[in-house]
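The values are calculated or read from the model by the stated rules, or taken from the named source; none is laboratory data. As the structure is a computational prediction, the values presented were derived from the model and not from experiment. Here Cβ is always computed from backbone atoms with ideal geometry, including for glycine, and neighbour counts include all displayed protein chains.
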Amino acid sequence: MKYGVDLRVSGVAEYGSCVVDRAGLDLGELLASLRAGESLGGIPVRGCPGMTSRQMVERCDADFLLEATPVNIIDGEPGLSTVRAALDLGMHVVLANKGPLALAYREIIALSDLADSWGSEYVRPNRHAHRRPRLRFSATVAGALPVLNIGRRDLAGDRITRIEAVLNGTTQSILRAMERGLSYEDALADAQLRGIAETDPALDIDGHDSACKLVITANAVLGMSVTPADVVVDGIRGLECAEVAACQANGKRLVLLCLAEHTGEGYRLSVTRTPLPGDHPLARLTSDEMGVVYYSDHVDRLFGASLEPGPGPASAAMLRDVLDIIWSETCQTGHS
C-alpha cells in the first residue's frame, strides 16, 4: 500500500438507523443497500434500527469519526452532538460538515489538539488517554481546495491583509449560466437537474453556505472568534439578467465573493455578489471551479483554484486529513 495504512469502516450512521461491526464492514454490501434505497438498519446482524449517530460513536470503538451529515446552520445538529461525543471519547475527528465549526468553533477546538497548536504530539486515541484527540476539517471549505492549508501552513509567519474567495459551486454555476443568456430561474433549474443545486437551494443562493466557509476560514486562519452572525451577507436570489449583462458590457464578471478585509483594527467579513475585473483570478474561474486569493505582507498575491463538479473531491479531502493525522504519528514517534 502506498501509505502503509489499512483503513476499516466499523460503523455508518444515517437518519434513523446505523450499521456497526468493530471487525470492519463490507463496503460492497453497504453500497448495494444504499443504491437499492434500503435502510442500513435492515442489514442482517450488524444493522441497528433506531440507533443514533452518537450511540454509534459510543459503540463502534473507532479511531476516527468522519462526519459528513447535511449542514444545519440553526443548531448544528446532529453533527455537533456527534462531534462532541467523539472528541470526549478521545476519538480523532475529520469534518466535511461545516455547521458544527461555523456555530461552535471555539468549543470544538478546545476539545482537540488545536487547543494547543496545529500539530500537537500524536497519540493513538483511546478512552483512557488524557491528551486531546486530533481535529481536521479541510473539506469544510471548498472541498479539495486547500483554502485552510494555504492560509495556516503556506503563509505561516506572514500577516494576511486580505482574503478573496469564490467558495460555492451552485452560485458559480448559476452566474456562469446567466452569462450564456439563461434567466435566474432557468439557471437554477439547470443546476438542480445536474445535481449541483439542492432541491431547496436557500443555503447556497442566499449566501449562507459561503458565509459558513468564510467564518471557518476567519477563525482558523485569521485567529478571529466569529460566527455567521458576524458576516454581512447578500446572495444572488432573484438576480436579474440585466445586472449580469451590465457587468459583461463593462468587461467585468459577477461572482459571489467571500471577503475578509483588514480594516486596521481587525477584519470585515462579507459575502456579496461583486463585479470583478476580467483579469482578476476569480473572474477567470469556470462554472464548476472554486478559488481563493490570499494577500499578505510578504506575498503580494497567492491564488489557488480547483475544478470540483461532484462530491468526490470533498471525500478525497477527508482522506487527506486522515492521512495527515497518521503521518504526524509516523513523524513524531519514528515509526516506519
Practice problem: Would you be able to say whether some residue in the range 211-227 is more than 25 Å from PRO146 (Cβ to Cβ), among the hydrophobic types (A, V, I, L, M, F, W, C), assigned by TED's automatic domain parsing to the domain that holds PRO275 and part of a helix (DSSP H, G or I)? | Solution: no
Practice problem: Quickly run through the range 1-45 and pick out the residues that are exposed (fewer than 10 other Cβ atoms within 10 Å of the Cβ) and outside any loop (DSSP other than H, G, I, E, B). | Solution: GLY28, ARG35
Exercise. Starting from residues that are polar (S, T, N, Q) and within 18 Å of VAL166 (Cα to Cα), keep the ones in the range 199-218 and report whichever is surrounded by the most Cβ atoms within 10 Å (Cβ to Cβ).
Key: SER210
Quiz item: Residue check: is GLY37 assigned by TED's automatic domain parsing to the domain that holds ALA86 and under 27 Å from the mean Cα position of the chain (by Cα)?
Solution: yes
Quiz item: Looking at this structure, is GLY169 within 15 Å of LEU257 (Cα to Cα), in the same structural domain as TYR295 (by TED's automatic domain parsing) and modelled with pLDDT of 95 or more?
Solution: no
Quiz prompt | Residue that is modelled with pLDDT of 95 or more, part of a helix (DSSP H, G or I) and surrounded by 14 or more Cβ atoms within 10 Å (Cβ to Cβ), where the choices are ALA305, ALA283 | solution = ALA283
Quiz item: Which one is nearest to the chain's Cα centre (by Cα) among residues in the range 130-142 that are surrounded by 24 or more Cβ atoms within 10 Å (Cβ to Cβ) and over 11 Å from THR217 (Cα atoms)?
Solution: ALA139
Quiz item: Given VAL271, VAL244, VAL255, VAL293, which one is surrounded by fewer than 21 Cβ atoms within 10 Å (Cβ to Cβ), modelled with pLDDT of 95 or more and on the phi < 0 side of the Ramachandran plot?
Solution: VAL293
